[in-house]
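The values are calculated or read from the model by the stated rules, or taken from the named source; none is laboratory data. These numbers were taken from a predicted model, which means no experiment stands behind them. Glycine gets a Cβ as well: all are built from the backbone with ideal geometry, and neighbour counts include every protein chain shown. Just so you know, the surface numbers come from the protein's heavy atoms only, side chains and all, with ligands and any DNA or RNA stripped out. Shrake-Rupley method; radii C 1.70, N 1.55, O 1.52, S 1.80 Å.
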Amino acid sequence: MPKQLAKGVWLNVIPTTQFKTISMTVDYIAPGNVQELSNRILLAQLLETSSAEYPTQTSLAQKLSMMYGASYGVNVFRYGLQEGLRFSSTIINDHFIGGESLLSEMVSFLHSVIYRPLVTDKAFEPTTFGRQKQNLMAYLKSLNDDKQYYAEQQLGELYFKNEPFFATSLYGDAETIAGISAQALYTTYQQLLTTDEIQITVAGDVTETDLVSMLAHWQLQDRQVHDGEVIYQRPEAELVSKTEGQPLQQSKLNIAYKLPVYYRDADYYKAIVFNGLFGGTPISMLFKNVREKNSLAYYASSRFDGFTGTLLVQAGIDQSNEKAVRTIIAEQLTAITKGQFSDEVFDQVVASLINGRESRLDSQRSLVNQAMLDQLLHSSVSADDWVKQIKQVTREDVEKMAERVHLQAVYFLKGEDAK
Amino acid sequence: MKQKHYSDLGETLYSETLDNGLRVYLLPKAGFHKTYAVMTTDYGSIDQSFVPLDGTEPVTQPAGIAHFLEHKMFEKADHDAFDTFAHFGGSSNAFTSYTHTSYLFSATHHLKENLETLLDFVQDPYFTAQTVNKEKGIIGQEIQMYEDDPNSRAYFGTIANLYPDQPLADDIAGTLASIDKIKAADLYLAHKTFYHPSNMSLFVVGRLEPTETLAWVKADQAAKQFAKPAPIKRILPSDTQQVIAHKKLLMPVERPKATIGIRGMDELPTGIDRLKYEDALSLGFTLLLGETAPDFLSLYDQGIIDDSFGYNIELQRGAHHVIMAGEAEDPQAFEDAIMDILHHATDKLASASDRFEAVQREAIGSTLSSFNSLEAIANQFDDRLYGDATLFDEVGVIKQLTMNDVIQTMTQFLSTAGISLQEIVSGH
């Protein structure tokens, strides 16, 4: 059970000897919007590379190297309506390096980089701020060189055209970032530190008592508990389509459907099995029919997001095959509604999903994420319970689930005149 | 069954070479829920020319055949191996490199059944003209996907610049034209020659009981017939050791990319000394261009490199090189700056001894961390490259390295190395 360190400040400790490392995350969480998301992206870029105690990358890197190559990163996450600024660090368990206590050193290090940023006159230090802002803008540009990412982002902008927060990439909005000043960002950061909900999550060979005593020095204060709604129910909308041409060898077909089922709802497990059968596994109908049977793609898959009730399909294809592939995808959905799939494949999908869920218990990062998310949602489902729920899903449940899938947006990145 | 305990890692590795030559490695990991198994043949994209098993005349096969074979192994006369794994909850995959092809699964249940599925599908080929032709469309899309990826083009372009007259110059997947020539008979021939158990290893890690697991593998292998093992005769074209110094590729990119390849022409030591060489090189480049290096900060502050900058030390059968890559507004300035640092490497290293302990600790920590991941352990394991030594010996090797070792190795590597710059700039 998580421990409340102050009002709105939670500590989740997962004691385990399974790993050679101890992993710790400190998350600052609040309801999101485009401005705040962009602020956080720029904060992540800035705070990952500088602080008052470690003003340059080299001084920061030297410190981490001396801690046996401890990792340190700052990034931004989004779960439905909530967004978080995450500081994370992983160290080697003392047992393997002998004598030293890296854990308390890491906890002090995180406190230093989070609470003592590189600041002059109540603004982030201007040279570092300017360089990191420029680096971030350059990075945003280069993201578009990854066409799979680009196509998915374009589809997101179509599907969420009335919800800018969801239409914005997790790397922020370039125009908004361009307008952020060193002073405004520092003010925002101070507010974030005092008003955001905090979740500290630690997995490894540690005890809660040790962590509580090490974190006492942080003097974390009570804060207002904010609107914790995570799920976003996007309203049904008209179908929107867009085709864009670029000089590429491979075209990208991305499709968004609404599937109004949400994380840990009664129907959630049915949607998981449906997605596994439709395109979420290498034994799925999309993989079998688009790739294996008709040789039309190297990748053809689907993904279900239970925080927004969205089903996404993606395939990399030849530009001349757009119609054929769209037809095959639509046929697979219809086939599922009619129960046109074997018991054997249904059982294989269920077994694959169970394997995937149980395998996550072997990932320190997954354990940390799940603990944080459980606290955010004020609910938890153990791997065993998850497996039980998945096993209860029937063929008929999956057929009915396919009927609730509604086509909402199609984006086609058409390869033209490459070579 | 041999058993070796590594006290600094807290790991015990079990191994045995079976009668048919298959090398089996088993690493139980307490607390883990899944088991990961990978079966690897010492055969990759560069092994295009060879004398077939029980043949006398050399043959040359189309570029990309090892990767094509990897794709086609899954499909059988009446089923697909993916489905058999899935039946037992196993998740399966495969990958091909320049020198190896690996088949894997991970599973939280039915280890015996999944292991047998792995051994069966890798050792029992089934190809027809029809199934081979069908795969050409799928791999064609895979090739075209990578053709559109500037980072992939930069990497493979650099390797090709470093080894222009060697099969390393061909992309691992081949080209649309080369895979079009592949026939079922070619795949059978390659399989017969390179998939003999004596050219393969099996690594199983995670939730397992070593004695029981080995017994399953032994029983499976004892029930199968194999040809008598024979040494494999690979044929490589003569190597002029000339590198292509500079190439520029136009692509519709938003940001230019620069990649520098450094090809070692020096002869590598053998056994554990080779592991020591590799780790010394790794520490050397970290001291020169890692984030703790003053030159890193200087180039970063000048905007010549950014957070995308990184480098990789690669050592494989018959080749070793270092690849450095990043996005660079000015690829020429990137090249000039890196060349200048490499040119003064010995002096720069001589004055870096105060940072040696830090990079040494970092390397120890990074190796220890990799033992968290079943996939990382099994995929990185190579039991032929370093004689009797393996990655399990790496922490010990790094601990014993001195600044002097690093300077000597870096000097040996850089003094005869061939260097190439691959630029990717906007245009089409």
Problem - Spherically averaged projected area of segment B:246-426 from its Cα convex hull (nm²) - result: 10.8 nm²
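When a/c reaches 1.5 or more, the comparison of a/b and b/c decides; with that in mind, is chain B rounded, prolate or oblate per its Cα gyration tensor? Before the final figure, lay out the partial values.
Details: a/c = 1.86, a/b = 1.32, b/c = 1.41.
It comes out oblate by the Cα gyration axes.
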Completion exercise
Farthest towards the positive end of the dipole of chain A, among A:S142, A:A6, A:A216 and with Cβ unit charges of +1 on Lys and Arg and -1 on Asp and Glu, lies the Cα of A:S142
Problem - Cβ-based charge dipole, segment A:240-415, positive-most Cα from A:L248, A:H378, A:T334 - result: A:L248
Practice task
Work through the residues other than A:Y139 whose Cβ is under 10 Å from its Cβ and net out their charges, Lys, Arg +1 and Asp, Glu -1.
Solution key: -1
Problem - Electrostatic dipole magnitude of chain A [Cβ: Lys, Arg +1; Asp, Glu -1; Cα centre; debye, to 20] - result: 600 debye
Handout entry: Net charge of neighbours whose Cβ lies under 15 Å from the Cβ of A:E236, counting Lys and Arg as +1 and Asp and Glu as -1
Key = +1
Problem - Rounded if a/c under 1.5, otherwise prolate or oblate - segment B:355-428, Cα gyration tensor axes - result: oblate
Completion exercise
Candidate span helices, chain B: DSSP H, at least 20 Å along axis from Cα coords, Kyte-Doolittle average at least -0.5, result B:272-289, B:356-370, B:403-416
Practice task
Enumerate the calculated ³J(HN,Hα) couplings along segment A:139-156 in order (Karplus 6.51 cos²θ - 1.76 cosθ + 1.60, θ = phi - 60°), each rounded to whole Hz, writing x wherever the residue is Gly or Pro.
Solution key: 5, 4, 5, 5, 4, 5, 6, 9, 6, 5, 5, 4, 5, 5, 5, 4, 5, x
Fill in the blank from the handout: Projected onto their principal axes, the Cα atoms of segment A:3-218 stretch, largest extent first, over whole-Å spans of 53, 36, 36
Completion exercise
If every Lys and Arg gets +1 and every Asp and Glu gets -1 at its Cβ, then about the Cα centre segment A:240-415 yields a dipole, in debye to the nearest 20, of 480 debye
Practice task
Run the numbers on segment A:62-135 and let me know its relative contact order in percent, using alpha-carbon pairs under 8 Å that are six or more apart.
Solution key: 18 percent
Problem - Electrostatic dipole magnitude of the protein assembly as shown [Cβ: Lys, Arg +1; Asp, Glu -1; Cα centre; debye, to 20] - result: 1080 debye
Practice task
Could you run the Karplus curve 6.51 cos²θ - 1.76 cosθ + 1.60 with θ = phi - 60° over segment A:354-368 and give me ³J(HN,Hα) per residue in whole Hz, x for Gly and Pro?
Solution key: 4, 4, x, 5, 5, 5, 5, 5, 8, 10, 4, 5, 5, 4, 4
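Note down the net charge around A:G316, summing +1 for each Lys or Arg and -1 for each Asp or Glu among other residues with Cβ under 13 Å from its Cβ.
Summing Lys/Arg as +1 and Asp/Glu as -1 gives -4.
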Handout entry: Eligible aspartates and glutamates near B:K276 by straight Cα distance, threshold 17 Å, same-chain separation 8 or greater
Key = B:D266, B:E267, B:E314, B:E357, B:E362, B:D382, B:D383, B:D388, B:D393, B:E394, B:D405
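Segment B:2-234: D in µm²/s via Stokes-Einstein (Kirkwood Rh, Cα pairs, 10 °C, 1.306 mPa s)?
84 µm²/s
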Practice task
Identify the GluC sites (Glu not before Pro) of segment A:168-259 meeting these criteria: DSSP loop state and at most 15 other C-beta atoms within 10 Å of the C-beta.
Solution key: A:E229, A:E236, A:E238
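For segment A:19-75, what's the relative contact order in percent, using C-alpha pairs closer than 8 Å and at least 6 residues apart?
Reported as a whole number, the value is 30 percent.
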Handout entry: Counting all C-alpha pairs of segment A:240-415, share separated by more than 24 Å (%)
Key = 40 percent
Fill in the blank from the handout: Once the dipole of segment A:3-218 is set up from charges on Cβ (+1 Lys and Arg, -1 Asp and Glu), the residue from the list A:Y189, A:F19, A:F124 lying farthest towards its positive end is A:F124
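So which trypsin sites (Lys or Arg not before Pro) in segment A:92-170 are both in a DSSP loop and have at most 11 other Cβ atoms within 10 Å of their Cβ?
Details: sites: A:K122, A:R131, A:K133, A:K141, A:K147, A:K161; in loops: A:K122, A:K161.
Passing both the DSSP loop test and the Cβ count: A:K122.
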Completion exercise
Carbon plus sulfur, as percent of the 1.4 Å-probe accessible area of chain B, comes to 50 percent
Fill in the blank from the handout: Low-density loop GluC sites (Glu not before Pro), segment A:45-145, at most 16 other Cβ within 10 Å, DSSP non-H/G/I/E/B, are A:E53, A:E100
Practice task
Find the lysine pairs in segment A:240-415 meeting two conditions, Cα atoms under 22 Å apart and a separation of 8 or more places or different chains, and report how many there are.
Solution key: 27
Handout entry: Global geometry of segment A:1-88, whether rounded, prolate or oblate, following the gyration tensor of its Cα atoms and the 1.5 cut on a/c
Key = oblate
Practice task
Evaluate chain A: find the radius of gyration of its Cα atoms, find its Kirkwood radius, and give the ratio Rg to Rh.
Solution key: 0.99
Problem - Two-decimal log10 I(q)/I(0) for the protein assembly as shown, as the Debye equation yields it once each C-alpha is a single scatterer, q = 0.05, 0.06 Å⁻¹ - result: -0.28, -0.41
Practice task
For chain B, calculate the relative contact order in percent as a whole number, restricting contacts to Cα pairs under 8 Å that are 6 or more residues apart.
Solution key: 22 percent
